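Beneath this line is the structure, given in structure tokens, with notes to follow.
The values are calculated or read from the model by the stated rules, or taken from the named source; none is laboratory data. Owing to the predicted nature of the structure, the values given are computational and were not obtained by experimental measurement. Cβ coordinates were reconstructed from backbone atoms using ideal geometry, including for glycine residues, and neighbour counts include every protein chain displayed.
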Amino acid sequence: MNHKIKLLLLLSFLWTVPAVAQAQGVKNPAPLTAMDIVKKANHMSYYQGKDGRATVGMRIIDSQGRTRIRQFVILRKDEGKTDGEQKFYVYFTRPADVKKMVFMVIKHIGRDDDRWLYLPALDLVKRIAASDQRTSFVGSNFFYEDVSGRDINADSHKIVSQNKNYYVIENKPKDPNSVEFASYKSWIHKATFLPLKVEYYDAKGKVLRRYAALKVAMVAGYPTVISSVMENLQTGGKTLMSYSEVKYNIGLPDNIFTERYLRKVPRKYLR
């Protein structure tokens, strides 16, 4: 089944989902600004529930159809009551060459995130520089920044079109020299505010990368992307991601998001 058909089926499903992100009991709400929409989309993508965990399967496919597999568990915890600082802990379980590797992020607002990578074969903890956030995440077509989210204040936002299903938002980096793209567009579903498609463009308008949500499910009352794809139009490669065993509000403690637990795995929360 191709991606266009999957997106049509996904859209038909989403219109049966309650509009959880929309105002309740307001007959004629004020029109949303581009920043309003982006804030809601950022919340739905990264901040649902106080914390969460998921088992993630990743298939990395190159232009010749050769496939590599990654599997990991991701833990996420929010700080405070607003969409602000977060903590991410990613523990790899397969294949053998990445097993027991850990990627950890302390996500800040208004300044660079703190990122660590633990390499068990070398027993080495490596700090990831801010300049590396837009490089490949463990050899996939997703970037490090895709995993923990891009600072919405790093870009300017504009509504370029909309229909009954989507807001289409054009986003341009405020510091063009900090990224490899000139702009990107997000197709944000009106009922759920989930971004269902994102395209990154160069200065000539050529698509560099394309993200699409392929399947959404309700998990504990939260509309959740459980299957997605990132395509690299320059190399012809793509990466498919599938999410299972998704849970929200599980009560993750703060102390597991520390350098100590890069080597000492918090198995209780990874099962």
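For region 51-58, does any single residue satisfy the condition of being among the hydrophobic types (A, V, I, L, M, F, W, C), part of a helix (DSSP H, G or I), in contact with a Phe, Trp or Tyr (Cβ under 6 Å, 6 or more places away or on another chain) and at pLDDT 85 or above? Show your work before the answer.
So the first thing to find is which residues in region 51-58 are among the hydrophobic types (A, V, I, L, M, F, W, C), and the list is 54, 56, 58.
Cutting the leftovers down to part of a helix (DSSP H, G or I) gives us none.
Scanning region 51-58, I find no residue that is among the hydrophobic types (A, V, I, L, M, F, W, C), part of a helix (DSSP H, G or I), in contact with a Phe, Trp or Tyr (Cβ under 6 Å, 6 or more places away or on another chain) and at pLDDT 85 or above, so the answer is no.
If Ile109 satisfies all but one of (1) assigned to a strand (DSSP E or B); (2) under 21 Å from the mean Cα position of the chain (by Cα), what's the number of the condition it fails?
(1) is the only condition that Ile109 fails.
Out of the residues in region 192-205 meeting the condition of being over 16 Å from Phe143 (Cβ atoms) and crowded, with 16+ Cβ neighbours inside 10 Å, tell me which one is farthest from the chain's Cα centre (by Cα).
If we take residues in region 192-205 being over 16 Å from Phe143 (Cβ atoms) and crowded, with 16+ Cβ neighbours inside 10 Å, then Thr192 is farthest from the chain's Cα centre (by Cα).
Residue check: is Thr82 within 28 Å of Lys185 (Cα to Cα) and modelled with pLDDT under 95?
On the way: within 28 Å of Lys185 (Cα to Cα): yes; modelled with pLDDT under 95: yes.
The answer is yes for Thr82.
When only residues in region 95-112 that are in contact with a strand residue (DSSP E or B) (Cβ under 8 Å, 6 or more places away or on another chain) and farther than 14 Å from Thr258 by Cα count, which is modelled with the lowest pLDDT?
Our first condition is that a residue be in contact with a strand residue (DSSP E or B) (Cβ under 8 Å, 6 or more places away or on another chain); within region 95-112, this holds for 95, 98-108.
Still in the running and farther than 14 Å from Thr258 by Cα: 95, 98-101, 108.
On the way: Pro95: 95, Val98: 94, Lys99: 96, Lys100: 96, Met101: 97, His108: 90.
Step by step, filter region 95-112, then rank; the result is His108.
Being surrounded by fewer than 15 Cβ atoms within 10 Å (Cβ to Cβ) and over 27 Å from Met104 (Cβ atoms) is the filter here; which residues of region 175-191 pass it? Before you say what the answer is, go through the steps one by one.
Residues of region 175-191 surrounded by fewer than 15 Cβ atoms within 10 Å (Cβ to Cβ): 175-178, 180.
Pro176, Asn177 - these are the residues of region 175-191 that are surrounded by fewer than 15 Cβ atoms within 10 Å (Cβ to Cβ) and over 27 Å from Met104 (Cβ atoms).
Conditions tested, residue by residue: (1) in a strand (DSSP E or B); (2) surrounded by fewer than 20 Cβ atoms within 10 Å (Cβ to Cβ); (3) among the acidic types (Asp, Glu); (4) at negative phi.
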{"position": "Arg68", "(1), (2), (3), (4)": "yes, yes, no, yes"}
{"position": "Gln71", "(1), (2), (3), (4)": "yes, yes, no, yes"}
{"position": "Lys77", "(1), (2), (3), (4)": "yes, no, no, yes"}
{"position": "Thr82", "(1), (2), (3), (4)": "no, yes, no, yes"}
{"position": "Tyr89", "(1), (2), (3), (4)": "yes, no, no, yes"}
{"position": "Phe92", "(1), (2), (3), (4)": "yes, no, no, yes"}
{"position": "Asp97", "(1), (2), (3), (4)": "no, yes, yes, yes"}
{"position": "Lys100", "(1), (2), (3), (4)": "no, yes, no, no"}
{"position": "Phe103", "(1), (2), (3), (4)": "yes, no, no, yes"}
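Scan region 41-64 and report the pairs whose first residue is under 13 Å from Val219 (Cβ atoms) and whose second residue is part of a helix (DSSP H, G or I) and of a type outside the set (Gly, Ala, Ser), with Cβ atoms within less than 8 Å and a gap of 6+ or a chain change.
Arg53/Tyr269; Arg53/Leu270
Name the residue that is nearest to the chain's Cα centre (by Cα), counting only residues in region 143-191 that are within 29 Å of Phe103 (Cβ to Cβ), aliphatic (A, V, I, L, M) and assigned to a loop (DSSP other than H, G, I, E, B). Steps first, answer last, please.
From region 143-191, those within 29 Å of Phe103 (Cβ to Cβ) are 143-155, 157, 169, 171-189; that's our starting set.
Going one step further and asking which of them are aliphatic (A, V, I, L, M), we end up with 147, 152, 154, 169, 179, 182, 188.
Remaining after also requiring assigned to a loop (DSSP other than H, G, I, E, B): 179, 182.
Working: Val179: 17, Ala182: 20 Å.
Ranking the candidates gives Val179 first.
Would you check which residues across region 93-124 are farther than 28 Å from Tyr47 by Cα and of a type outside the set (A, V, I, L, M, F, W, C) and list them?
Scanning region 93-124 gives Pro95, Asp97, Pro120, Asp123.
From (1) in contact with a Phe, Trp or Tyr (Cβ under 9 Å, 6 or more places away or on another chain); (2) closer than 18 Å to Glu170 by Cβ; (3) not basic (Lys, Arg), pick out the condition that doesn't hold for Met241.
Here Met241 meets the rest and fails (2).
State whether the residues of region 229-250 include one that is closer than 30 Å to Ser186 by Cα, of a type in the set (S, T, N, Q) and without any contact (Cβ under 8 Å) to a residue 24 or more places away in the chain. Break it down stepwise before answering.
To start, the set of residues in region 229-250 that are closer than 30 Å to Ser186 by Cα comprises 229-249.
Going one step further and asking which of them are of a type in the set (S, T, N, Q), we end up with 232, 234-235, 239, 242, 244, 249.
Now drop any that are not without any contact (Cβ under 8 Å) to a residue 24 or more places away in the chain, which leaves none.
No: zero hits.
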